[in-house]
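Down below is the structure, laid out as structure tokens.
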Amino acid sequence: MKRKQILFSILLLFVAVAVQAARVDTVMVKSPSMNKEVQVVYVLPDKALGGKTEACPVIYLLHGYGGNARTWMGIKPELPKIADEKGIIFVCPDGKNSWYWDSPKNPAYRYETFVSSELVNYTDKNYTTIPDRKARAITGLSMGGHGALWLAIRHNDTFGAGGSTSGGVDIRPFPKNWEMNLQLGEYEADKALWDQHTVITQIDKIKDGDLALIIDCGEQDFFLKVNKALHESLLEKKISHDFITRPGAHNGQYWNNSIDYQILFFDKFFKR
């Protein structure tokens, strides 16, 4: 009899764990500006699900060049566990190789509008979010690091915090790389347009206190120099930010570690 009670207790424990667990949804979100559907992965904590839901803050995670909506789940499989522990919703859109611009050359690529407006509106309408910039952050890796800061700075009425890990925060030293010319045209043909579409030239749009900012890059990363330049520009303009360099290269091992610190930073921001 006692053994049956123990087995029953263990069964109840497994049921409780199964019920109280984050859910990963893969959905297609309509983009009116691009007239197509975009794949988005949502990682939803237990507290945002079920009958007794509690509104949660949101972190938008942007992938890098060659990635897709599932990139972050591959790099950080622990995201569902983190979502449950911290009560945070993670949103991972497929940004193609767009650099998260509204391309001035390609009207089919309007990923700035999609992420900063259409996706945010869809998320707040369909999930239990706190629909306020104070509960909304955005970050990403590599191309996504550029995209996250690009969007956070230009839409700081939407996002209260922004980050970048190994971000291509100044695209101009790399004019032949990563299909950027498909969105902006050739660098030599229109340098002014490239100047207008890189993060480091956007910081005049913000003043100290407009955004909570965190930027990191590995010491062996080919983007280290441009990240240090962005850090120096922010210091010159007296814009508060966290800037971290640590051993590491431009790879999943680095991002699996670095995103933990960014999530901690955003969690502290949400709890202010």
Item to check | Matching entry among ASP210, ASP204, ASP190 (being among the acidic types (Asp, Glu) and within 30 Å of ILE89 (Cβ to Cβ)) | outcome: ASP210
Checklist entry - Which number in (1) of a type outside the set (Phe, Trp, Tyr); (2) modelled with pLDDT under 95; (3) part of a loop (DSSP other than H, G, I, E, B); (4) within 25 Å of CYS92 (Cβ to Cβ) marks the one condition that GLY248 misses? => result (2)
Checklist entry - From the list LEU234, LEU149, LEU182, which residue is assigned to a helix (DSSP H, G or I), over 25 Å from PRO93 (Cα atoms) and of a type in the set (A, V, I, L, M, F, W, C)? => result LEU234
Next on the checklist: Between PHE222, PHE243, which is surrounded by fewer than 23 Cβ atoms within 10 Å (Cβ to Cβ), assigned to a strand (DSSP E or B) and not hydroxyl-bearing (Ser, Thr, Tyr)?
Outcome noted: PHE243
Checklist entry - In this structure, is ASP242 closer than 17 Å to GLU78 by Cα and of a type in the set (D, E, K, R)? => result no
Item to check | Candidate set: region 49-93, residues that are acidic (Asp, Glu) and in contact with a helix residue (DSSP H, G or I) (Cβ under 9 Å, 6 or more places away or on another chain); chosen: the one modelled with the lowest pLDDT | outcome: GLU54
Item to check | Number of the condition not met by GLU85 [criteria: (1) under 13 Å from the mean Cα position of the chain (by Cα); (2) assigned to a helix (DSSP H, G or I); (3) not hydroxyl-bearing (Ser, Thr, Tyr)] | outcome: (1)
Item to check | Residue check, THR139 part of a strand (DSSP E or B) and either in contact with a Gly (Cβ under 9 Å, 6 or more places away or on another chain) or not charged (D, E, K, R) (or both) | outcome: yes
Item to check | Residue among ASN106, ASN68 that is free of Cβ contacts under 8 Å to residues at least 60 places away in the same chain and assigned to a loop (DSSP other than H, G, I, E, B) | outcome: ASN68
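The values are calculated or read from the model by the stated rules, or taken from the named source; none is laboratory data. Because the structure is a prediction, the values reported are computed rather than measured. When we count neighbours, we look across all protein chains shown, and the Cβ atoms used for this are built from the backbone with ideal geometry, even at glycine.
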